[in-house]
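Below is one structure, written out as structure tokens; comments come after it.
Each value in this text was obtained by applying a stated rule to the coordinates, not by laboratory testing. Being a predicted model, the structure only gives us computed values, none of them experimental. Positions of Cβ are backbone-derived with ideal geometry, glycine not excepted, and every protein chain shown enters the neighbour counts.
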Amino acid sequence: MSAQSLLHLWDDGFAYITPAIRSGLTARPALTLLVSISGHPFMLEARDGTRAHCTAAVVAPDVPRRLDADCGGLISINLDPASSTCRMLSAWMGGRRIMPLDARVFGSLRDSFEPALHGVLCDARVRSLSQRMVDAVTGSAALSTQMDPRIERLLQMIRTHPSLLQREELSLMACLSRGRLSHLFREQMGMSVKRYLLWSKLRRSSVQLADGQPLTHIALASGFSDAAHMSRTFRDSFGLQPSFVVREVKVVTDGHAPDAWRSLAGKA
């Protein structure tokens, strides 16, 4: 019997575990670690047509790629761009955009891949496995991930108080001019404020997909103009439609994700 796709959502990232996936060109602010469960290779294609057949790979934030993974199962670990883990792994990549790896780097952790695919592992164990997989990639690398405290405070406000924020208010909250805020935010986060605000909408909508609410309600509560806007953004970022996630994917959220990504309605 084929395994059901699973989406584990946390406050600082998520893991999508699926028997197979084929997507068109997608890009998202999260740094992504892709790992074949079986050890058979999958295909990654960059925007320029360059292809890599690999058993694991790290993809930097906002790097466009196509994915063809009919390889006996795939784990996709996505690290939120505001997390220290994402910043550390980005620094470790040293500017590389798509970095193929050998899945053997995960050693005995591979024994947990099949149980994760078949839903045997609880959410806490999947999260622990994901962190240990990231640690296996970076080894003992010790890289600075310190962020400007003004940007840290702003990120927290964007995540937990979305109904209070408009883009023109952000510079006042950070005590910076709009130009200085734009420069500092891109320097610290590797993306524009506008891009991160869109990402925050996606994260809020993802958390709410487990609740069975109508897609229009989820879209509006997440800050999208309508369900069609949310669906387009979801597809462009993840290669999946929200309707597919609702029908075909088991969504699991830990106790922190709803509080970390509060909806405009005041609850996730």
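Figures for the structure shown
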{"quantity": "Order by protection proxy (mean Cβ within 10 Å, highest first), peptides 215-226, 98-109", "calculated": "215-226, 98-109"}
{"quantity": "Average Cα contact separation per residue, segment 1-146, under 8 Å, 6 or more apart, as relative contact order %", "calculated": "28 percent"}
{"quantity": "Residue order, fewest to most beta carbons within 10 Å, for ARG204, ARG247, ARG235", "calculated": "ARG247, ARG235, ARG204"}
{"quantity": "Inter-part distance where segment 110-138 and segment 1-58 are each reduced to a Cα centre, Å", "calculated": "14 Å"}
{"quantity": "Using alpha-carbon coordinates, inclination of helix 227-238 to the longest axis of the chain, degrees", "calculated": "50 degrees"}
{"quantity": "Label of the coordinate-derived value, Rg and Dmax of the Cα atoms in Å, listed as (1) 17.2, 50; (2) 21.2, 71; (3) 18.0, 57", "calculated": "(3)"}
{"quantity": "Residue order, fewest to most beta carbons within 10 Å, for LYS250, LYS194", "calculated": "LYS194, LYS250"}
{"quantity": "Per residue Cα convex hull volume in Å³ - calculated over segment 5-138", "calculated": "91 Å³"}
